[in-house]
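One structure is given here, and the rest of the page talks about it.
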Amino acid sequence: MGEAPASLIDNLQGGYTNVFDLKSKGSQTATVIGSKTYVIGWGNDGVETFGVRVFDKCTNEWVIPTVLGTKPKPFKGHLAVLLNQDRILVVKENSTFDDCIWFLEVDTEYIRQQKKKLETQVVAWSRGVIGDAEKPIVISGPSGVGKGTLINKLMKDFPTMFGFSVSHTTRAPREGEKNHVHYHFTERSVMEQEIKDGKFLEFASVHGNLYGTSTEAVDAVADAGKRCILDIDVQGARCMRDSHLEAIFIFVCPPSFEELEKRLRARGTEMEEQIQKRLRNAKTELEKGREPGLFDHMLVNDDFNSCYENLKKLLGLDEAVNGASCHSSSEMGYLPLVCSASESDGKILIVSETLELEKASQNRIVLDLSSIKGGAPARTRGLNMYFA
Ligand SMILES: Nc1ncnc2c1ncn2[C@@H]1O[C@H](COP(=O)(O)OP(=O)(O)OP(=O)(O)O)[C@@H](O)[C@H]1O
Ligand SMILES: Nc1nc2c(ncn2[C@@H]2O[C@H](COP(=O)(O)O)[C@@H](O)[C@H]2O)c(=O)[nH]1
């Protein structure tokens, strides 16, 4: 990718140390892990571009890694702190508290898996979120059991709370289905390429078509401040279970196989051949759904209203509706200029500059990482943030 600016090379060769502390701040930071230096920020190769570059001391070369996960929007000032030798904490300046903490994973288990799969240098962004409220909900079950009907009702009754993860599929749209609302309807060759590029959290061949959940689909829901609901088949659920995405897994069963067939036929969306295929697959799905450890909850969708009430109960919706509110980091305000970060007892003290005297008490923020969960390619949850 061409020559690195001399000053940066000097810095790299001069040696940033690997201590758990403030590395550098500004529009570009460099973090050293072993023989590699991860440079985050704006590069100036003729055109100013924002991204991640890696300088490898062994080969004396720059590498542009494959970047997975939903990237933060380009930002100017930031501070980078190496954590655990496997990820870089990035604190963005001039951003709201709910968008100021990001992690660039460079050597976590997920990254090691992806490196093997993609056979290239990989890093991944993961946004930090306060608390644990965002656990996604995965709903599986045979075709025609009523997953979509349950999800639609939940979204209609709690429009500000839940958001649907819009999957990609290679199947043709049904009458009334809208592109980018019900599915992202896609050409197989395009989807296959995107799978190769690592854009999907999971994908599966279902009833003869490809279906998949992109990282972007799940992140778009979280960005809208909502809890994500996924409607995916059992193969996809198993894949999610094996991934780092911590979720609640629910399997929906029909009261009987005959009733399932009746519903599938009554829906009138499939030709006979597809109905037969879906019914054959339903038998396997019903067996797989009982596999120990795969699903956290089983719901029988006999009477719709009772099933819906049970779903609400297991999602703890009664308490939520009765006024329990989640603490939101956006309520805390805005992080202005960050000037330092230091670690003490597993907590990071972020000190920011403020020119407004009345806000002087708000310039020391503690970021507690002791309970973090999840991580790339999805969110890093369980952060705690408060004024010191
Ligand atoms: N409890 C119920 N009793 C009777 N009919 C139901 C019940 N639940 C859903 N249905 C009906 O069954 C049909 C199939 O439901 P739905 O489309 O929600 O299934 P699905 O599980 O999402 O299927 P697919 O996986 O193919 O998308 C619909 O016509 C729906 O109205
Ligand atoms: N593994 C995945 N399965 C998915 C996804 N989106 C939907 N589905 C499942 O496909 C079948 C058929 O759906 P239909 O809309 O054609 O009736 C159903 O069981 C869905 O749960 C996905 O992203 N990944």
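The values are calculated or read from the model by the stated rules, or taken from the named source; none is laboratory data. This one's a predicted model, so the numbers in the text were calculated from it and none came from an experiment. We place every Cβ from the backbone using ideal geometry, glycine too, and count neighbours over all the protein chains shown.
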Item checked: Options V129, V52, V138, V81; residue that is part of a strand (DSSP E or B), under 21 Å from the mean Cα position of the chain (by Cα), β-branched (V, I, T) and closer than 18 Å to V32 by Cα -> V52
Notebook entry, point to check: Within the stretch 53-60, is there a residue that is out of contact with any Cys (no Cβ under 9 Å at 6 or more places or on another chain), of a type in the set (A, V, I, L, M, F, W, C) and either buried (at least 19 other Cβ atoms within 10 Å of the Cβ) or at pLDDT below 85 (or both)?
Noted result: yes
Next item on the list: Filter the stretch 133-182 for residues that are touching a Phe, Trp or Tyr at 6+ places or on another chain (Cβ under 8 Å), of a type outside the set (V, I, T) and touching a residue at least 12 places away in the same chain (Cβ under 8 Å) and give the result.
Entry: S140, G141, G146, L150, K153, L154, M155, S167, H168, R171, A172, P173
Item checked: Within the stretch 105-126, tally of residues that are part of a loop (DSSP other than H, G, I, E, B), among the charged types (D, E, K, R) and touching a residue at least 40 places away in the same chain (Cβ under 8 Å) -> 1
Notebook entry, point to check: Identify, please: which residue in the stretch 205-233 is farther than 22 Å from A376 by Cα and either within 12 Å of ligand 1 (Cβ to nearest atom) or hydroxyl-bearing (S, T, Y) (or both) and is, among those, nearest to the chain's Cα centre (by Cα)?
Noted result: D233
Check: So which pairs qualify, if the first residue must be in the stretch 206-219 and under 19 Å from K135 (Cβ atoms) and in contact (Cβ under 8 Å) with a residue 40 or more places away in the chain, the second must be more than 10 Å from ligand 2 (Cβ to nearest atom) and assigned to a strand (DSSP E or B), the Cβ gap must be under 6 Å, and the two must be at least 6 apart or on different chains?
Finding: V218/C228
Next item on the list: Go through the stretch 218-245 and count every residue that is at pLDDT below 95, closer than 21 Å to F158 by Cβ and not β-branched (V, I, T).
Entry: 9
